[in-house]
6 protein chains.
Amino acid sequence: MGMSNEAREKLSRVSVATITTALFKRGLRNQFIQDVHPLNPGLPNMVGEAFTLRYIPAREDLNPIGVFKDRAHPQRRAIEECPPDAVMVIDSRKDARAASAGSILVARLMKRGCAGIVTDGGFRDSPEIARLAIPAYHQRPASPTNLTRHQALDINVPIGCGDAPVFPGDIVVGDAEGVVVIPAHLAEEIAAEAIEMTAFEDFVTEEVLKGRSILGLYPATDPQAEHDFAAWRKAKGR
Amino acid sequence: MGMSNEAREKLSRVSVATITTALFKRGLRNQFIQDVHPLNPGLPNMVGEAFTLRYIPAREDLNPIGVFKDRAHPQRRAIEECPPDAVMVIDSRKDARAASAGSILVARLMKRGCAGIVTDGGFRDSPEIARLAIPAYHQRPASPTNLTRHQALDINVPIGCGDAPVFPGDIVVGDAEGVVVIPAHLAEEIAAEAIEMTAFEDFVTEEVLKGRSILGLYPATDPQAEHDFAAWRKAKGR
Amino acid sequence: MGMSNEAREKLSRVSVATITTALFKRGLRNQFIQDVHPLNPGLPNMVGEAFTLRYIPAREDLNPIGVFKDRAHPQRRAIEECPPDAVMVIDSRKDARAASAGSILVARLMKRGCAGIVTDGGFRDSPEIARLAIPAYHQRPASPTNLTRHQALDINVPIGCGDAPVFPGDIVVGDAEGVVVIPAHLAEEIAAEAIEMTAFEDFVTEEVLKGRSILGLYPATDPQAEHDFAAWRKAKGR
Amino acid sequence: MGMSNEAREKLSRVSVATITTALFKRGLRNQFIQDVHPLNPGLPNMVGEAFTLRYIPAREDLNPIGVFKDRAHPQRRAIEECPPDAVMVIDSRKDARAASAGSILVARLMKRGCAGIVTDGGFRDSPEIARLAIPAYHQRPASPTNLTRHQALDINVPIGCGDAPVFPGDIVVGDAEGVVVIPAHLAEEIAAEAIEMTAFEDFVTEEVLKGRSILGLYPATDPQAEHDFAAWRKAKGR
Amino acid sequence: MGMSNEAREKLSRVSVATITTALFKRGLRNQFIQDVHPLNPGLPNMVGEAFTLRYIPAREDLNPIGVFKDRAHPQRRAIEECPPDAVMVIDSRKDARAASAGSILVARLMKRGCAGIVTDGGFRDSPEIARLAIPAYHQRPASPTNLTRHQALDINVPIGCGDAPVFPGDIVVGDAEGVVVIPAHLAEEIAAEAIEMTAFEDFVTEEVLKGRSILGLYPATDPQAEHDFAAWRKAKGR
Amino acid sequence: MGMSNEAREKLSRVSVATITTALFKRGLRNQFIQDVHPLNPGLPNMVGEAFTLRYIPAREDLNPIGVFKDRAHPQRRAIEECPPDAVMVIDSRKDARAASAGSILVARLMKRGCAGIVTDGGFRDSPEIARLAIPAYHQRPASPTNLTRHQALDINVPIGCGDAPVFPGDIVVGDAEGVVVIPAHLAEEIAAEAIEMTAFEDFVTEEVLKGRSILGLYPATDPQAEHDFAAWRKAKGR
């Protein structure tokens, strides 16, 4: 099971925007995680299977500072259990008034070989996270400790994140723009299609920057455009 | 286990506002379900143990109209499994763009003897629900079918509803104003305290309507107020 | 052109919720006008072709109190030109800080035989409008005069209203719950289907109120349910 | 100082919508208190001078339940000091997650002869307040005790309420639709103008309900309309 | 018609903030496009006449992926028809859940010599757009293809953008802070006034950075300040 | 009175996130100013006593451009009166549609030796402010002049800012992530505790970056972790 290395590699070379279009063609309109952005936009694409963490609103008596002493606390356990190459996706109910996690946990995730972390809330220690070499996406910085608003509840159940449905094992891709969730069963075909679309978009971009009109070119309704694209692919070896 | 009949009876005679104050005294500030109101405000208090239903954002391919043909669909199953006297509480992620449920399901819940239903989203068929004799609370009407935005996922797990944490078995109380969630282990003492507070508030209200100042009376820092309250209780048998 | 009398009559007897389900089956998920409600919920269904009015944000120098002296002012002209039996739908950009219209204009629309009025902003003179016998839907009351925030711009162009697309000639249906927009070319088939769905829902409601489980009944996956429904239709003549 | 009895009487007979138009003519566009509505819409107009109360966010250590034992607590003091015939206006920072006040305080205000109460947050005990004979306006019900989110700070300073500026002594008018704030120095002239405008609007409404077009009538650009209005006033003695 | 080269040049040397003050003096308070920011803040000012594009919510059946094959599709047509030196302004109803446009279209606009592009929604391919030498302003990145939420409808009609009214031919100015819309008939006088204001602000800034108090200086109520400013202008040749 | 130099120095070396945790341990959950960020994130920590400025919504007749000619205007006076080393905190009611202040005033504050400036609204001239060496925090840029929406009212009264309570004299600390408000009486002990916590967090970060698990380490429930931390402190001299 899981995504092939080939698909993973392809998804590391295409944009989130291109993937959303491939999903749109299949009737999936809500797979983009709304209103999150990367803390460290200079990194390569984030690609990995979703490993989820679900938060509910914190009840004060259940969330004193001492809870983290419990090694079985779901937040801490999730950090140690998230598989290498997986992306941790946190359902923070779009509430960025308190942190979803901080730099120490994100650093641990990075050291464990995980592929990235996403929350629809906010991270604390955001300047430190921005300097780590693991892609991290949030809504806005949130200094107050997690316990102020969030109680970690479940590990690896289906969740919502930024109004997108996320099932464990879905393929999560992030770039400098945002994050998209590809249903697991579609990952291979979306990867293949997105690579093709990217070749065409790269060709079109070159043509447009040379001064060509988009009419007939994008989409390629003019046979000349099809022809030119074929020549371009040959020349570029793509 | 579960709430005593005595506690249930007491909670049916106090206001949600009074209960929130008793919870506040214990450090619990977020047990009021924000931004929901009753469709049928003339009914007696809703009191029951929480039975929860969790929704995530709908993925289009998983939520065609045919899914309800599956008898194991969590939404339909929840309606048939919610225990009599319990309150169904739905985590709709505060999204009222599509329905959490409609009048047929709510009617079935009523016939099964359930105590009420709450969503932080919206109900469809709201005019019909408003005429049923089961308390129902939502944010605003939402005609589009459930599947448009929501996928029922889990039954009876801890959830958030209107920014309040809700654990299965918590005691849910609703009146014409709103809904509050009492942690299960506090139900008996909150019920007892709220009855006492209600007696005092009723006494104060009577005095105020007779023209008495609130200073010294509410709270009763003036010994005369304490004295008068004792006399009032005796006279009223409360 | 336009809707048949038969379709109009059918649509006056079904709920907005039922219509949204029929549209959902055809892949249309955004035809419900979000976050509007009727000022006068006791009236019969509103059914009519959409006649639209588009507002943009008001520029102060173009919107002094004197503009209404111009008989060609689009707001006033729209009120006089909206065809009888049509529904005026106003794109107020979901901004209810100033009025979309007031009771005098709505009364004029009523006298001219129009079928209703909808704005995704607010009406002023809302208590007076609530007493008129023409269905009117808005977000919340808005006393400030239209000119404070809105400039009427266009008559009968495609618009957005409450996040739904509305094309002139689309069929607009409102009930005590809300408003839905049926694409013109689907009106006849949606009307026919909704009548059938309503018969089934009425049957199911009766059964549920008698104590029957929804499993196998709603949807009717149990052949007995199909059989009972057929018998019910015969008995009811529906 | 203060408003004349004549102005008060006039303002009790005009609508908030009409007053906002008179203010608009003077360049005042933001005097309508946004997003509040009456709990008891059947009462006569609320008219009175503004007496203000300012809240800031509650700091937990300063707001234990015991603070109300202090007779000098600004919230309690405000209730006892608001002058008869004045309207208490509360700046709750548009935060309805906790109560601005409850039924006992509102009842006391009523007994003291105050003219009404307005908050841009919410009241608790809203069903009880809805039964009192004092106009009360809020955003939505809020059961949690005041101390949960609000600390009463200042009495009778200039505030914002629902995005409108409110200065102590301004004239506050409320009807079944909403609340408007008239700068103190304009009260007499606005009252006079609004009475005139109301006469004209009543005339227009009658004409429109008889079937007359609004073109030339509203506004009265047609000399016939002027003429008919003069005749109407004479006949009605207005 | 249109703006003079002199005005264009002046507007390229003043800030959006200064322009909003000049507009405020003329009673125009809503000409700043709210909540948009530049993707490429290092570029010179954007100055150009508004060329508008209006979107409505997408209806699914009208917006399959194939629509762009139509050369007359308003979005694609707008990109080819926007005059050189003009600014394309898109009314996306403040909805950034799907893209208003992507990097290929923005690149084409750049190559055609247009002055910039503004949406109150979001762009896709935002990292690529950030590297183009054409000013682009949006609310936040939005990867999903345009068709997911938006249908391009009208070209060069008056629109709202970020709560500001925009008429075709208005002068649109953007800097590293934001975007302002100058009514066409005011462009020359605003340009002239803003240049003067900028000289004074530059003088004041220098003085303040030398340690001078703002009292009497800003505004220049102290005759010495007027005097010093005159000397400064002379010295600077401004 | 006031904070010791030692506490100020300590607070300049710890993060806002760490301080929020120390406050959380004392039951203070709302001291983080929500949704503001630094314009100039590369500066050292901002630390100073709060000096507050309160705005209310602008009434048009009271806020013509000429008001700033009055040297006693609260906004201008505040800029000249804010004590050196203090942080000016502005209650802009979270409204960023018009500016809280601009670069000239912020520059003056810097020259006067003030420690920083915070608004829960927005600044104009934000690119210029971003180049000043005084920490400044806001929600988002806001070009329109202050008078468009805000009237400066009060100096140095308790206020709300970004949903946090701020009392004059409270200690305000800002870093590249955000701003926290420490109640004055807690400043010394929070500073001391935060320094200790920071040492431990630095130790943990080093260990985690070496590959160590967080279980037993963070928090240090494993005696080995305590031991290692003691050794680390010794080695580092902290």
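The values are calculated or read from the model by the stated rules, or taken from the named source; none is laboratory data. Given the structure is predicted, the values throughout are model-derived calculations rather than measurements. Cβ: placed from backbone, ideal geometry, glycine included. Neighbour counts: every protein chain shown.
Number of residues in segment D:16-47 that are on the phi > 0 side of the Ramachandran plot and more than 8 Å from chain C (Cβ to nearest Cβ) equals 1.
To keep it simple, each residue is scored yes or no on (1) away from chain A (no Cβ under 14 Å); (2) at negative phi; (3) free of Cβ contacts under 8 Å to residues at least 60 places away in the same chain.
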residue	(1), (2), (3)
F:Pro141	yes, yes, yes
F:Ala152	yes, yes, no
F:Phe167	yes, yes, no
F:Ala176	no, yes, no
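Can you tell me which residues in segment A:18-43 are in a loop (DSSP other than H, G, I, E, B) and under 20 Å from A:Phe123 (Cβ atoms)? A:Ile33, A:Gln34, A:Asp35, A:Val36, A:Leu39, A:Asn40, A:Pro41, A:Gly42, A:Leu43, listed by residue number. Selection of segment C:105-125 for residues being surrounded by 24 or more Cβ atoms within 10 Å (Cβ to Cβ) and either among the acidic types (Asp, Glu) or farther than 17 Å from D:Glu206 by Cα (or both) yields C:Ala115, C:Gly116, C:Ile117, C:Val118, C:Thr119, C:Asp120, C:Gly121, C:Gly122, C:Phe123, C:Arg124, C:Asp125.
Please work out if F:Lys10 is within 14 Å of chain A (Cβ to nearest Cβ) and of a type in the set (Lys, Arg). No: the conditions fail for F:Lys10. For segment D:71-78, the criterion of a residue being more than 26 Å from B:Glu206 (Cα to Cα) and touching a strand residue (DSSP E or B) at 6+ places or on another chain (Cβ under 8 Å) is satisfied by no position. Residue count for segment F:206-238, restricted to those that are facing another protein chain (nearest Cβ under 10 Å) and either part of a loop (DSSP other than H, G, I, E, B) or of a type in the set (Val, Ile, Thr) (or both): 13. The one condition from (1) without any contact (Cβ under 8 Å) to a residue 40 or more places away in the chain; (2) within 14 Å of chain F (Cβ to nearest Cβ); (3) crowded, with 20+ Cβ neighbours inside 10 Å that A:Ala86 does not meet is (2).
Conditions tested, residue by residue: (1) closer than 25 Å to B:Ala194 by Cα; (2) free of Cβ contacts under 8 Å to residues at least 60 places away in the same chain; (3) basic (Lys, Arg).
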residue: B:Gly27; (1), (2), (3): yes, yes, no
residue: B:Ile33; (1), (2), (3): yes, no, no
residue: B:Asn45; (1), (2), (3): yes, no, no
residue: B:Arg54; (1), (2), (3): no, no, yes
residue: B:Glu60; (1), (2), (3): no, yes, no
residue: B:Gly66; (1), (2), (3): no, yes, no
residue: B:Lys69; (1), (2), (3): no, yes, yes
residue: B:Gln75; (1), (2), (3): no, no, no
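Candidates in segment F:54-96 are the residues that are outside any helix (DSSP H, G or I) and among the acidic types (Asp, Glu); of these, the one that is modelled with the lowest pLDDT is F:Asp70. Within the set C:Gly178, C:Gly102, the sole residue that is more than 16 Å from the chain's Cα centre (by Cα) and of a type outside the set (S, T, N, Q) turns out to be C:Gly102.
With a requirement of 1 or more residues that are closer than 30 Å to F:Gly27 by Cβ, the strands (runs of 3 or more DSSP E) lying completely within segment D:97-188 that satisfy it span D:99-101, D:116-119, D:136-138, D:150-155, D:159-161. On the stretch given as segment D:47-75, residues that are of a type in the set (Phe, Trp, Tyr) and farther than 18 Å from D:Gly102 by Cβ total 1. Being surrounded by fewer than 24 Cβ atoms within 10 Å (Cβ to Cβ), farther than 15 Å from C:Ala17 by Cα and modelled with pLDDT of 95 or more is a description that does not apply to B:Glu177. For segment A:12-30, give me each residue that is surrounded by fewer than 23 Cβ atoms within 10 Å (Cβ to Cβ) and hydroxyl-bearing (Ser, Thr, Tyr). Matches in segment A:12-30: A:Ser12 only. Criterion first (of a type outside the set (Lys, Arg) and more than 15 Å from the chain's Cα centre (by Cα)) does A:Pro57 satisfy it? Taking the combined requirement at face value, the residue satisfies it. The set of residues from segment F:154-165 being within 14 Å of chain A (Cβ to nearest Cβ) and either among the aliphatic types (A, V, I, L, M) or crowded, with 24+ Cβ neighbours inside 10 Å (or both) comprises F:Gly162, F:Ala164.
Applying the criterion of being closer than 21 Å to C:Ala22 by Cα and among the β-branched types (Val, Ile, Thr) to the residues of segment B:54-74, the residue that is nearest to the other protein chains (Cβ to nearest Cβ) is B:Ile65. Here E:Phe203 meets each of (1) away from chain A (no Cβ under 14 Å); (2) without any contact (Cβ under 8 Å) to a residue 60 or more places away in the chain; (3) more than 25 Å from E:Leu43 (Cα to Cα); (4) surrounded by 21 or more Cβ atoms within 10 Å (Cβ to Cβ) with one exception, condition (3). Going through (1) more than 9 Å from chain F (Cβ to nearest Cβ); (2) surrounded by fewer than 22 Cβ atoms within 10 Å (Cβ to Cβ) one by one, E:Phe51 falls short only on (2).
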